[in-house]
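Here's the structure, in structure tokens; my notes come after.
Every number in this text was worked out from the coordinates using simple rules, so none of it is lab data. Not measured: the values here are computed from a predicted model. Counting neighbours? That spans all protein chains shown, and the Cβs are built from the backbone with ideal geometry, glycine included.
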Amino acid sequence: MLRECSTHGYFRDSECPVCGDKGRFLMNDKEVDRMARTLAGVLRHFPDRFNLELDGHGWVDIDDFIQALRRKDPRLRWLRPHHLHALVDTDEKGRYQVMGNLIRATYGHSIDVELNHPSSNVPDKLYYPSSPEECDLLLETGLKPSDRKMVHLSKTWEIALNAGRYRMENPVVLEIDAKEAMEDGVDIQQAAKTVFLAYDIPAKFLRITDKDDVVQEEDAEENEEEDEGDV
């Protein structure tokens, strides 16, 4: 359920997680799911089905978007800009972005857009799930987009593993040396809280990794920081 607290803003629950106020009703769970699917479809894949045209960076006017949805489905006559703002603000994965009166998907496009996300806070290591069958090939050829326009990378090993489990039973997680890749000129952008994008990742920056490897790396980094602090 999507509601709005007059003090703490939008939330997805029966009451505000901060003050417990029930707030103002905006959408039920079914409507939230339906609108989320519509946002993903229109902003990532088929704006033309709604007679909409995204600009070069994937943006479209919110009012135009709403009018297009109403024309397609008159049952959505209740839809207003604040409903979209609420969906975007409460989306845990950060899949959408609002700027002024414009809205866009931050990643996942199958249509041509030139995303201009920041690349200043990219972690040293990123992760990508692969099937056991394709893993060796990726280690030889590198990562390239398939059904999407950019390669999607995960912030942590666990997130990559879970993402892989949506598509395969036993994913193999590849580690990307993002720091070395960017120093070598590879463009990596942060699209959402845990999602990073690249047009391709050369094979020399990839390796198979497991949870134990990640823990050992984290422990080593912590020890280095402690040693530097003792100097």
GluC sites (Glu not before Pro) lying in DSSP loop within segment 144-206, provided at most 15 other Cβ fall within 10 Å: 169
Size of charge dipole - segment 80-156 - debye, nearest 20, with Cβ of Lys, Arg +1 and Asp, Glu -1, no other charges: 400 debye
log₁₀ of I(q)/I(0) at q = 0.10, 0.21, 0.24 Å⁻¹ - segment 2-105, Debye sum with one point per alpha carbon: -0.28, -1.11, -1.37
Where trypsin sites (Lys or Arg not before Pro) fall in DSSP loop in segment 86-168, at most 15 other Cβ within 10 Å: 93, 148, 167
With 10 Å bins from 0: P(r) over segment 48-113, alpha-carbon pairs, percent: 20, 51, 28, 0
Above-threshold pairs, the threshold being 29 Å between Cα atoms, out of 149/193; 125/149; 22/155; 93/144: 22/155
Shape category assigned to segment 125-221 from the gyration tensor of Cα positions, a/c cut at 1.5: rounded
Potential extension, residue 77-residue 57 segment - 0.36 nm per residue separation minus Cα distance: 4.4 nm
Dipole magnitude (debye, nearest 20) for the chain, charges at Cβ of Lys, Arg, Asp, Glu: 2480 debye
Residue among 161, 38, 108 farthest towards the positive dipole end of the chain, charges placed on Cβ: 38
Protection proxy ranking of 3-9, 141-147 - average other beta-carbon atoms within 10 Å, highest first: 3-9, 141-147
Once exposed loop chymotrypsin sites (Phe, Trp or Tyr not before Pro) are cut out (DSSP; at most 11 other Cβ, 10 Å), longest piece of the chain: 79-165
Cut-off under 5 Å, modelled amide H: who pairs with residue 130 long-range: 172, 173, 174
Loop trypsin sites (Lys or Arg not before Pro), segment 4-47, which have at most 16 other Cβ atoms in a 10 Å radius of their Cβ (DSSP): 22
The chain - convex hull of alpha carbons, volume per residue in Å³: 174 Å³
Helix-derived mean residue ellipticity, 222 nm - over the chain, DSSP H n ≥ 4, -39500 (n - 2.57), to 500: -11000 deg cm²/dmol
Stretch gain in nm, segment residue 30-residue 179, where the contour uses 0.36 nm per residue and the Cα spacing is subtracted: 49.4 nm
